[in-house]
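The values are calculated or read from the model by the stated rules, or taken from the named source; none is laboratory data. On a predicted model such as this, the values are computed, not experimentally measured, just so you know. Using ideal geometry, Cβ is built from the backbone for each residue, glycine included, and neighbour counts are taken over all protein chains shown.
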Amino acid sequence: MYLFGRRIDASQIIVWIIGGVLFLLVLIGSISTLLTERYTVKQWLDFIIFGAAQGGIYALIALGYTMVYGVLRLINFAHGEVFMSGAFSAYFLAAALDKAMLLNRYPIPCLLVIAFLSAAVSATVAVCLERIAYRPLRRAPRLVNLITAIGASFFLQYTFRGLYGSGVEVYPDIAILKGDFWGIRKTLLVVCGSALAMLGILYAFIQGTKTGRAIRAISEDLETAALMGVDVDQTIAITFAVGGSTAGIAGVLYALIFSQVNFFMGFVPGMKAFTAAVMGGIGNVPGAALGGFLLGIFEAVGPSLFLDGLGIPAANQLKDVIAFTLLVLILIFRPTGLLGERLAVKRT
Amino acid sequence: MKTELRTALRIGLLGGLVASHICLVGMLETFAKRNLIGDYLSMGYLLLLTLFLFVGYKATQVAQKAATGLLCAIIAGGITGASLSDLVFLTQNFQLREIFAHASPALVKLLTLGQSKSLGLLIPIVSGISWSLFGGFFALLPKLWRRVLLNTLLLTLLLGLLRDILNSLLPGDFGKTLFTSSGLTYIGAGSSLFCGGILIWAFLTYREQQKLKPETSESRNSPLQKLLFSLLILFLLTFPLWSKSFLSNVADSVGLYIIMGLGLNLVVGFAGMLDLGFVAFYAIGAYTMAVLTSPSGIFHFSFWQALPFSMLIAMSGGIILGLPILRMRGDYLAIATLGFGEIIRILVISDFLKPYLGGAQGITNIGKPEIAQFTFKNPEHFYYLILIGCLIAWFIASRLKKSRLGRAWMAIREDEDVAQAMGINRVTTKLTAFAIGALFGGLSGAIFASMVDSVVPKSFDLLISINVLALIIVGGIGSLPGVLVGAVVLVGLPELLREFQEYRLLVYGAVLVTMMLYRPEGLWPEVTLQHILHKTAQPEFPVRPLPTPEKK
């Protein structure tokens, strides 16, 4: 069949119909919610700020996915677990500091130390992962790499479960972060701010330093970069380290908002961060940041905005469905993401 | 010499890391509860012993001269042991337990054999050195002896692990001389080592001689093979009659996984699309069966009426999922299917669909299959149903593999663009793979729902997808017998090892990574895939030998 001069097969038509139906549902739901004025403006603002804070975390994790994908063309399935390891080490250090009565006496230095340690632990996990599981398989078929990544993800998850038990650990409270600032939870502001700061630093690192240039060169073309004198192994290890440390900091921030850690916590944020990375265009650093924030806000606003309007009870349970549906939709309709893939050669 | 020592050092450090990991995740403690041979050799110790032996073996292998090899083995084993002593020291003197839940006095007692402080610290080192030395000697043996020894040890281990099955087969007194309450007695182990050794030696030498002879069509269908085959069929047919109900249960879950594995194998193995959301079809099949047959629903179908619907709805689920994601390749497809599986799970558990699907409580009172007056109730009854299901699935899969469609799948797996250029319709070909795979998943889910009599969302989480994927990979991607091997190894064995449950996924993860690193083609490889998966570096100019015509 031909439409607008392009050849279209049946599967495409069905895909477009599915997409159109979903879009209509969202539209109808949103309009009906807005017309009934179920929520006040203040509530909408709260949703958005919470979403932005969560989105900042997604953005930080998504950076790891995007950078690794950039250099290796590999989806690092175990990246969610790298994030989880950061959150765990943050928990243990925070609990120890809390016990020593230091956490509330010197909150800011303590938080900095916690962030540093988590970043270090996560970076170590990520680099070990690369060295043991990915480097020997760099030239293997893609299926092999993917399976390795999935295996590594489960291995890490259940290692942490074995090491620390399967319970949910509750984070100590930090007095300075309690309360509101201009009617907004202080924690959320701190999380948003630190996420933005980290993203800025990272962008500067990738654009401004020599190592960052090496990373970009490898993303562009691994073999040519190697011929031009870039140390490929080392640069890839650095990429993993950088992605790991941002994931570790994301772990600290996540723990600040939700104040609990357990061994399975990496899976869902990992998936969503991947969604964010794809949304922004995988391989693209500013894209991952944008995608993260957008996804966070979308997910926070979505259940109230269009699921309530459709009359679905307990819409918040379906928050993850929104994110995953969005993921599938993006993969179908715009696999290159919002900002597109910044690659010279078309991916194979 | 210097490089050899450095390698030994590295192997030792890696061994130490693995050993500490085994201890800290609590595997040693849990596994130590089961005595495999006599009262002393527990599964936990066996794990450490194997590690030491392996470290010694590896260290010796890299060296060129025997003496250096043994020296390397001593060094590597010593380091591995020392890291365990280190762990003991740290646990004794610091509050390690606040962070690592398993760094307990019980672990220390296990590692030091209950000895006092200073002597206890020496024990891991000494045993590390001595066992790796054994490993070193093992590496120096001639190849035939090595294989005989290895296989005999594995056989004894397997006999110990399968104690529950074997003991129920043997008459009481005889069973008691061979088996303890959890494993083999010394007599049992000794006789297994002796008899097994002789048998395996005879078998291996026989096979070596056979290899020298030119292969004829008669040797392929020898009477021995026919005998083995009919024994296997007899075994399968009579299994529930002599085994306990528990074992039938295990066999049932193996069978269900085989059906699913055969289905997923069509998608992953034949068509080369990595599907991480296979559980969705299993869930769709199970829920369709539940909704259609449960008395609390509107339909009140019987099992046989509902079964085709289960399969068809699962199949249409496959088509609906398949349609949009067909154009994606490789990793995107994996993520999209993963997302789809999660969507189904969250939808099922949500309040939104609770009136229809029962929310977290699920649906109970699912219809049982009936033939004339006979109702399938026990696991033993379902065993036969599942066996038939497996046979049908096997038949379809093996026929498909050789069909035009099967070859089209494999062409797409090798190179999509070329396949398309050769006139293969990418969309329909991929869709049929998805649809038939989903059909098998639905069949398996429907039988499962009827068997356990209730469906709850908890039985349909991501782990099932991973289980099925892992069994395909361990068995050998794209290989049909591989599915059987994988299901028995990854589903059957863990069910029999009660201690193993907690560490199932940990071991799966490790197995997946190690498999991909060292044996990506699986335990029972598919011949055409073997050489593709095994070369890590592609040659500059791919040169392929022309296929040699078969000799007549």
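What's the number of the only condition in (1) modelled with pLDDT under 80; (2) facing chain B (nearest Cβ under 10 Å); (3) closer than 26 Å to B:PRO355 by Cβ that A:SER304 fails to meet?
The failed condition is (2).
Here is a yes/no grid of residues against (1) modelled with pLDDT of 85 or more; (2) within 10 Å of chain B (Cβ to nearest Cβ); (3) surrounded by 21 or more Cβ atoms within 10 Å (Cβ to Cβ); (4) assigned to a helix (DSSP H, G or I):
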| residue | (1), (2), (3), (4) |
| --- | --- |
| A:GLY64 | yes, no, yes, yes |
| A:SER85 | yes, no, yes, yes |
| A:ALA96 | no, yes, no, yes |
| A:LEU102 | no, no, no, no |
| A:ALA123 | yes, no, yes, yes |
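Within segment A:240-250, identify whether any single residue is assigned to a helix (DSSP H, G or I), among the hydrophobic types (A, V, I, L, M, F, W, C) and surrounded by fewer than 22 Cβ atoms within 10 Å (Cβ to Cβ), and answer yes or no. First the steps, then the outcome.
Initial filter on segment A:240-250 (assigned to a helix (DSSP H, G or I)): A:240-250.
Going one step further and asking which of them are among the hydrophobic types (A, V, I, L, M, F, W, C), we end up with A:240-242, A:247, A:249-250.
From what is left, the residues that are surrounded by fewer than 22 Cβ atoms within 10 Å (Cβ to Cβ) are A:241.
The answer is yes; a qualifying residue exists.
Kindly list the number of the only condition in (1) at pLDDT 85 or above; (2) surrounded by fewer than 18 Cβ atoms within 10 Å (Cβ to Cβ) that fails for A:THR148.
All conditions pass for A:THR148, except number (2).
Could you say whether any residue in segment B:45-53 is within 24 Å of the chain's Cα centre (by Cα), more than 14 Å from chain A (Cβ to nearest Cβ) and not in a helix (DSSP H, G or I)?
no
Would you mind stating whether A:LEU163 is within 13 Å of chain B (Cβ to nearest Cβ), assigned to a helix (DSSP H, G or I) and surrounded by fewer than 24 Cβ atoms within 10 Å (Cβ to Cβ)? Even if it seems obvious, please write down each step before you answer.
Details: within 13 Å of chain B (Cβ to nearest Cβ): yes; assigned to a helix (DSSP H, G or I): yes; surrounded by fewer than 24 Cβ atoms within 10 Å (Cβ to Cβ): yes.
When the stated conditions are applied, A:LEU163 passes them.
Which residues, counting only those in segment B:98-155, are among the β-branched types (Val, Ile, Thr) and closer than 30 Å to B:GLN64 by Cβ?
B:ILE125, B:VAL126, B:ILE129, B:VAL148, B:THR152
Give B:PHE235, B:PHE239 a once-over and let me know the one that is in a helix (DSSP H, G or I), of a type in the set (Phe, Trp, Tyr) and without any contact (Cβ under 8 Å) to a residue 60 or more places away in the chain.
On the way: B:PHE239 fails: without any contact (Cβ under 8 Å) to a residue 60 or more places away in the chain.
Only one candidate passes the filter, namely B:PHE235.
Going through B:SER350, B:SER302, B:SER316, B:SER294 one at a time, which residue ends up being at pLDDT 85 or above, assigned by TED's automatic domain parsing to the domain that holds B:LEU443 and among the polar types (S, T, N, Q)? Walk me through it before giving the result.
On the way: B:SER350 fails: at pLDDT 85 or above; B:SER302 fails: at pLDDT 85 or above; B:SER294 fails: at pLDDT 85 or above.
After ruling out the rest, the residue left standing is B:SER316.
Between B:ALA435, B:ALA393, which is within 19 Å of B:ALA283 (Cα to Cα) and within 14 Å of chain A (Cβ to nearest Cβ)? First the steps, then the outcome.
Details: B:ALA393 fails: within 14 Å of chain A (Cβ to nearest Cβ).
Exactly one residue qualifies, and that residue is B:ALA435.
Of the conditions (1) crowded, with 23+ Cβ neighbours inside 10 Å; (2) within 14 Å of another protein chain (Cβ to nearest Cβ), B:LEU13 satisfies every one except a single condition; which number is it?
(1)
Filter segment B:242-289 down to residues that are outside any helix (DSSP H, G or I) and of a type outside the set (Gly, Ala, Ser) and give me whichever is nearest to B:GLU414 (Cα to Cα). Give the derivation first.
As a first pass, look at segment B:242-289 and keep what is outside any helix (DSSP H, G or I): B:243-244, B:271-278.
Of the ones still in play, those that are also of a type outside the set (Gly, Ala, Ser) are B:244, B:273-276, B:278.
Numbers: B:LYS244: 46, B:MET273: 11, B:LEU274: 14, B:ASP275: 17, B:LEU276: 20, B:PHE278: 22 Å.
Applying the filter and picking the extreme gives B:MET273.
Looking at segment B:168-181, which of its residues are within 27 Å of the chain's Cα centre (by Cα) and surrounded by fewer than 18 Cβ atoms within 10 Å (Cβ to Cβ)? Before you say what the answer is, go through the steps one by one.
The first filter runs over segment B:168-181 and keeps only residues within 27 Å of the chain's Cα centre (by Cα), leaving B:168-169, B:179-181.
Result: B:SER168, B:LEU169, B:SER181.
List every residue pair whose Cβ atoms sit under 7 Å apart, with the two residues 6 or more apart in sequence or on different chains, where the first one lies in segment A:120-138 and is under 17 Å from A:ILE75 (Cβ atoms) and the second, anywhere, is among the aliphatic types (A, V, I, L, M) and part of a loop (DSSP other than H, G, I, E, B).
Taking only residues 6 or more apart or on different chains, the pairs are A:LEU129/A:ALA78; A:TYR134/A:LEU74.
Would you check if B:VAL488 is over 28 Å from B:LEU391 (Cα atoms), β-branched (Val, Ile, Thr) and part of a helix (DSSP H, G or I)? Even if it seems obvious, please write down each step before you answer.
Values: over 28 Å from B:LEU391 (Cα atoms): no; β-branched (Val, Ile, Thr): yes; part of a helix (DSSP H, G or I): yes.
In short, no.
Please verify whether segment B:305-325 includes one or more residues that are touching a residue at least 24 places away in the same chain (Cβ under 8 Å), out of contact with any helix residue (DSSP H, G or I) (no Cβ under 6 Å at 6 or more places or on another chain), more than 14 Å from every other protein chain (Cβ to nearest Cβ) and not aliphatic (A, V, I, L, M).
Within segment B:305-325, none of the residues are touching a residue at least 24 places away in the same chain (Cβ under 8 Å), out of contact with any helix residue (DSSP H, G or I) (no Cβ under 6 Å at 6 or more places or on another chain), more than 14 Å from every other protein chain (Cβ to nearest Cβ) and not aliphatic (A, V, I, L, M).
Among the residues of segment A:36-69, what is the count of those that are touching a strand residue (DSSP E or B) at 6+ places or on another chain (Cβ under 9 Å) and of a type in the set (Phe, Trp, Tyr)?
Of the residues in segment A:36-69, the ones touching a strand residue (DSSP E or B) at 6+ places or on another chain (Cβ under 9 Å) are A:45-46, A:49-50, A:53.
From what's left, of a type in the set (Phe, Trp, Tyr): A:50.
Summing the residues that are touching a strand residue (DSSP E or B) at 6+ places or on another chain (Cβ under 9 Å) and of a type in the set (Phe, Trp, Tyr) in segment A:36-69 gives 1.
Of the residues that sit in segment B:470-497 and are of a type in the set (Val, Ile, Thr) and more than 13 Å from chain A (Cβ to nearest Cβ), which one is nearest to B:ARG399 (Cα to Cα)?
Taking segment B:470-497 first, the residues of a type in the set (Val, Ile, Thr) are B:472-474, B:477, B:483, B:485, B:488-489, B:491.
Within this subset, residues satisfying the condition of being more than 13 Å from chain A (Cβ to nearest Cβ) are B:483, B:485, B:488-489, B:491.
Details: B:VAL483: 16, B:VAL485: 20, B:VAL488: 23, B:VAL489: 25, B:VAL491: 26 Å.
The extreme case among them is B:VAL483.
Working carefully through the options A:ARG105, A:ARG131, A:ARG185, find the one that is farther than 30 Å from B:LEU96 by Cα and of a type in the set (Lys, Arg). I'd like the intermediate steps shown before the answer.
Working: A:ARG105 fails: farther than 30 Å from B:LEU96 by Cα; A:ARG131 fails: farther than 30 Å from B:LEU96 by Cα.
Of the residues listed, the single one that is farther than 30 Å from B:LEU96 by Cα and of a type in the set (Lys, Arg) is A:ARG185.
Suppose we filter A:THR124, A:THR66 for residues that are of a type in the set (S, T, N, Q) and within 25 Å of B:LEU333 (Cα to Cα); which single one remains? Spell out how you get there, then give the answer.
Values: A:THR124 fails: within 25 Å of B:LEU333 (Cα to Cα).
Of the residues listed, the single one that is of a type in the set (S, T, N, Q) and within 25 Å of B:LEU333 (Cα to Cα) is A:THR66.
Keeping to segment B:468-485, report how many residues are buried (at least 24 other Cβ atoms within 10 Å of the Cβ) and either touching a Lys or Arg at 6+ places or on another chain (Cβ under 6 Å) or closer than 20 Å to B:ALA510 by Cα (or both). Break it down into steps so the answer makes sense when it comes.
So in segment B:468-485, the residues buried (at least 24 other Cβ atoms within 10 Å of the Cβ) come out as B:468-473, B:475-479, B:482-483.
Filter once more, keeping what is either touching a Lys or Arg at 6+ places or on another chain (Cβ under 6 Å) or closer than 20 Å to B:ALA510 by Cα (or both): B:468-473, B:475-477, B:482-483.
Here the count works out to 11.
Quick one: how many residues across segment A:132-152 are facing chain B (nearest Cβ under 7 Å) and either in a helix (DSSP H, G or I) or closer than 21 Å to B:GLY15 by Cα (or both)? Reasoning before the result, please.
Step one: list which residues in segment A:132-152 are facing chain B (nearest Cβ under 7 Å), which gives A:133, A:136-137, A:139-144, A:146-148, A:150-152.
Then drop every residue that is not either in a helix (DSSP H, G or I) or closer than 21 Å to B:GLY15 by Cα (or both), which leaves A:133, A:136-137, A:142-144, A:146-148, A:150-152.
Number of matching residues: 12.
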